[in-house]
Amino acid sequence: MSTPTVFMFSGQGSQHFGMGETLYHQEPVFRTELDRLDTMVAELLGRSVVAQLYHGGRVGEPFTDTL
């Protein structure tokens, strides 16, 4: 029997540009789910959080727009 794996990211204040990018590119299930959720959020915000997270700043720079 296999134990499920859960990926968790900490909350407010510790997020940064590029966070989880390697995981996003290397793990299809993570990428699929993140893209699915990003599509829903983009409809509400009018912009992609994934694009902002991975292309909106310098790697390691704080990601302070937590809307």
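State yes or no: is Pro62 exposed (fewer than 10 other Cβ atoms within 10 Å of the Cβ), of a type outside the set (Val, Ile, Thr) and either touching a strand residue (DSSP E or B) at 6+ places or on another chain (Cβ under 6 Å) or modelled with pLDDT of 80 or more (or both)?
Spelling it out, it is not the case that Pro62 is exposed (fewer than 10 other Cβ atoms within 10 Å of the Cβ), of a type outside the set (Val, Ile, Thr) and either touching a strand residue (DSSP E or B) at 6+ places or on another chain (Cβ under 6 Å) or modelled with pLDDT of 80 or more (or both).
Given (1) open to solvent by 60 Å² or more (accessible area, probe 1.4 Å); (2) modelled with pLDDT of 90 or more, identify the lone condition not met by Leu34.
With respect to (1) open to solvent by 60 Å² or more (accessible area, probe 1.4 Å); (2) modelled with pLDDT of 90 or more, Leu34 is out only on (1).
The values are calculated or read from the model by the stated rules, or taken from the named source; none is laboratory data. All values derive from a computational prediction rather than experimental measurement. Neighbour counts run over all protein chains shown; Cβ positions are idealised from the backbone, glycine included. SASA here: full protein model, heavy atoms, side chains in, ligands and nucleic acids out. Shrake-Rupley method; radii C 1.70, N 1.55, O 1.52, S 1.80 Å.
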